[in-house]
Amino acid sequence: MSNDSESSPEEASKPDINVEDNPAVGGAYSYYVLSVLIIVYVFNFIDRSILSILAEPIKADLGISDAQIGFLYGTVFAVFYALFGIPLGRLADVWNRKSLISIGLFFWSAMTALSGTARSFVSLSVYRIGVGVGEASASPSAFSMLGDYFPPRLRATALAIYSSGVYIGSGIGMFLGGWIVKSWDEAYPAGDAPFDLSGWHVAFFVVGLPGLVMALWVWTLREPIRGMSEGITETKKHPHPFLAFFEEVLAVLPPFTFYSLIRSKASTKILTTNIVAAVLLALTGVGLAIWLDEKAQWIALGVGIYASISWMQSLSLRDPIAFKMIFRSRALVCGVIGFAFITFVTYGVGFWLAPFYMRGHEQDIALVGRNFGLANAVGGFAGVTFGGIFSDWLRTKTPRARPYVGFIAVATTAPLALWAIYTPNPSTGYIIAYLYNFTSSMWLGSGVALANELVLPRMRATASAFYLLMLTFVGLAMGPYTIGKVSDALQASGLKEGPALQDAMALSILTFGVSCFFFVIAAKNVEREESTRLERAREAGEPGI
C-alpha cells in the first residue's frame, strides 16, 4: 500500500476544502511561520540546554554532586515540563496556538534570566521549574500549527526542520555559555565582579532577556484553520477554552487529580486504581530516596508519574474518543516509547559530553563550548533535516517508515557515541561529535509525524503532549540524572571523576535495546492503524466522520 497520497480514500471522500488549491497549505506564508517557530525552538533549547556547558562552574560554586547537576538539568525541569505540557497541549487544541506560544516564550525567558540571580541549589531549582512550565507551551502548539500549514506528504520534513531548533539552540547555548564564562572570568580574575556575579550568572541573563522581545514577534503570526491541510476543517470554536485548560490542570496536579476524577464521575474501579497507584508510587519513591539518598529526584519523579496516570484516567472520562485513538493504538504507544528510550541516551550523553571533556580531557570551557556547540548546531541541523526528508521519501515506499528510521538512528548512533566517549584524542572526539549529532537527530521528524498521523486533527496537540511527556520523563528526567548518579557511585568505588563519568555514559547506551524492541511492535501495527484511522474514530464515537 502506497502512502504517497495526502490523505486516505476515506478522508478524501469528505473534503471541506481543496487541499491542493488552498494557498494557505504549504505556501510561502507556511514557510514564514515555520521559520519563526524554528527561532522560537532555538530560544527554547538555548535556555534549556545552556546548563550543560555551565555545569562545572555551577557545581563548583554551589558545591553540588553530578547527580544534583543531572537533577537540575533533567528531572526538576522535566517533571514540570511534562505535567504542564498536558494541560497546555489541551489549551492548544481549543484556543489560539500562536498566542499560547508567545505567552509561554515570554514566561520561560523571564525565568531563564532570573536564573542569573540564583545563589543556591534550591533557588536554581525553582527557576528551572519556571523554565519547564513556560517551555511546555511551545511544541504541542507548534506541532499542531505545522500539521495544519503543511500537507501530510511534507509533514515529517516540516516537523523535522522545526525540530532542528533543538540542535541549533543547544549549539548556540554551549558556544555562548562557554564564551561568556571565560570572558567574564578573565575580566574579573580577582573575584571583584559587579554584584558578586559569576560568569554562569551572566550567561543566564544574556540568553534569557532577548526572548522577551521575540515573544512580541510570535504574537503577530496568523492562526491556521484546524484540519485545513487534509480537508477535515473544524470550524466550531470551543465555548470555554480556559475552563478546559483548568480542568486539565486539575487532572495532572496532585492532590487535585483525585478530585478531578470524582468530579468526572469516575467509576469505583478507576478511583481504586488511582489510590493503589498513588500508594505504590509513594512507597517506591520513599524506598528509592532512602536507598539512593536522593529525595528530591524520586519525590519529583513519583509525583510526575502519578500525575500522568491520573491524567490518562481523566482523559478517558472527559474525551474517551481521544483516549482510545491515542492509547489503544499499539503503533503510536510503542513507537513513542521506542523514541523515548533513544532520548535517554541522547539527552544523557548530550548533556555530559561537555563536562566530561573539561574534566577528563582538561579542555578549556570556551573551547569545549565552541567545538561541541558547532557540532550540535551543524550536525544536528543536517541530521534532523535529512532524517525528515528521508522519512517522507521512505514513507512512499513503506508505511513502516517512521519506526524504520528509529532503527536506523539507533544502529548508527551507538558506535559513534562510544567512539566519542572513549577516544583518547579530544580533537578526534570533536570531529566525531558532528557525525554523532547527525545520526542521533535523524529520528525526530519521524517521531512527531507518527504521533500526528494516527489521530484526528483535533487531537494532535494532545497526542503531541503525550509524545513529549514520554520523551521528557524517560529521556530528560532519567537520562542525565542516571548517568550522574552512576558516575557518583563509580567515584565512590574508587574511580577518578573523568573515567567514572566516561563509563557511566557508555553504560547508558544499553537502553537502545529497549527502543528496538518497541520499534518492532510499532512497525507491525502502523500500516493497519493508519489506514483505518477514520474507521477507528467512528467506532470510538467521533461525530461527523
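The values are calculated or read from the model by the stated rules, or taken from the named source; none is laboratory data. The structure presented is a predicted model; accordingly, all values stated were derived computationally and were not measured. Backbone-built Cβ (ideal geometry, glycine too); neighbour counts: all protein chains shown.
Annotations
- The criterion of at least 3 residues that are of a type outside the set (Asp, Glu) and under 20 Å from Gln68 (Cβ atoms) is met by the following helices (runs of 4 or more DSSP H) wholly inside the stretch 477-531: 479-492, 497-508.
- Residues considered: Arg119, Arg128, Arg48. Of these, the only one that is surrounded by fewer than 20 Cβ atoms within 10 Å (Cβ to Cβ) and farther than 21 Å from Phe246 by Cα is Arg119.
- Test: residue in the stretch 486-495 that is polar (S, T, N, Q) and under 22 Å from Ala296 (Cβ atoms): yes
- Residues of the stretch 132-185 satisfying the condition of being charged (D, E, K, R) and in contact (Cβ under 8 Å) with a residue 60 or more places away in the chain: Glu135, Asp148, Arg153, Arg155, Lys182
- Residue in the stretch 415-429 that is without any contact (Cβ under 8 Å) to a residue 12 or more places away in the chain and on the phi > 0 side of the Ramachandran plot present: no
- Selected residue (criterion: modelled with the lowest pLDDT) from residues of the stretch 305-336 that are surrounded by fewer than 24 Cβ atoms within 10 Å (Cβ to Cβ) and not in a helix (DSSP H, G or I): Asp319
- Taken over the stretch 532-545, the residue count meeting the criterion of being hydroxyl-bearing (Ser, Thr, Tyr) and in a helix (DSSP H, G or I) is 0.
- Looking at Ile103, Ile161, just one residue is more than 30 Å from Met358 (Cβ to Cβ) and surrounded by fewer than 18 Cβ atoms within 10 Å (Cβ to Cβ), and that residue is Ile103.
- Answer from Trp311, Trp352, Trp298 - the residue that is within 29 Å of Met442 (Cβ to Cβ) and not basic (Lys, Arg): Trp352
- Applying the condition of being basic (Lys, Arg) and in contact (Cβ under 8 Å) with a residue 12 or more places away in the chain to the stretch 272-327 and asking which residue is nearest to Pro254 (Cα to Cα) yields Arg318.
- Index of the failed condition, Ile342 passing every other in (1) touching a residue at least 24 places away in the same chain (Cβ under 8 Å); (2) closer than 28 Å to Thr257 by Cα; (3) hydrophobic (A, V, I, L, M, F, W, C): (2)
- With respect to the conditions (1) surrounded by fewer than 18 Cβ atoms within 10 Å (Cβ to Cβ); (2) more than 30 Å from Lys269 (Cβ to Cβ); (3) more than 22 Å from the chain's Cα centre (by Cα), Val378 falls short on a single one, namely (3).
- Among the criteria (1) surrounded by fewer than 19 Cβ atoms within 10 Å (Cβ to Cβ); (2) of a type in the set (Asp, Glu); (3) touching a residue at least 24 places away in the same chain (Cβ under 8 Å), the one Glu362 does not fulfil is (3).
- Among the residues of the stretch 368-419, those identified as basic (Lys, Arg) and either closer than 29 Å to Ile50 by Cβ or out of contact with any Phe, Trp or Tyr (no Cβ under 9 Å at 6 or more places or on another chain) (or both) are Arg370, Arg395, Lys397, Arg400.
- Exactly one residue out of Thr532, Thr462, Thr482, Thr511 is buried (at least 24 other Cβ atoms within 10 Å of the Cβ) and of a type in the set (Val, Ile, Thr), and it is Thr462.
- Restricting attention to the stretch 51-73, the residues that are hydroxyl-bearing (Ser, Thr, Tyr) and crowded, with 23+ Cβ neighbours inside 10 Å total 2.
- Per this entry, Thr472 is not counted among residues that are touching a Leu at 6+ places or on another chain (Cβ under 8 Å), in a helix (DSSP H, G or I) and surrounded by 24 or more Cβ atoms within 10 Å (Cβ to Cβ).
- Those helices (runs of 4 or more DSSP H) lying entirely in the stretch 130-201 with at least 2 residues within 26 Å of the chain's Cα centre (by Cα) and within 20 Å of Glu453 (Cα to Cα): 138-149, 152-163
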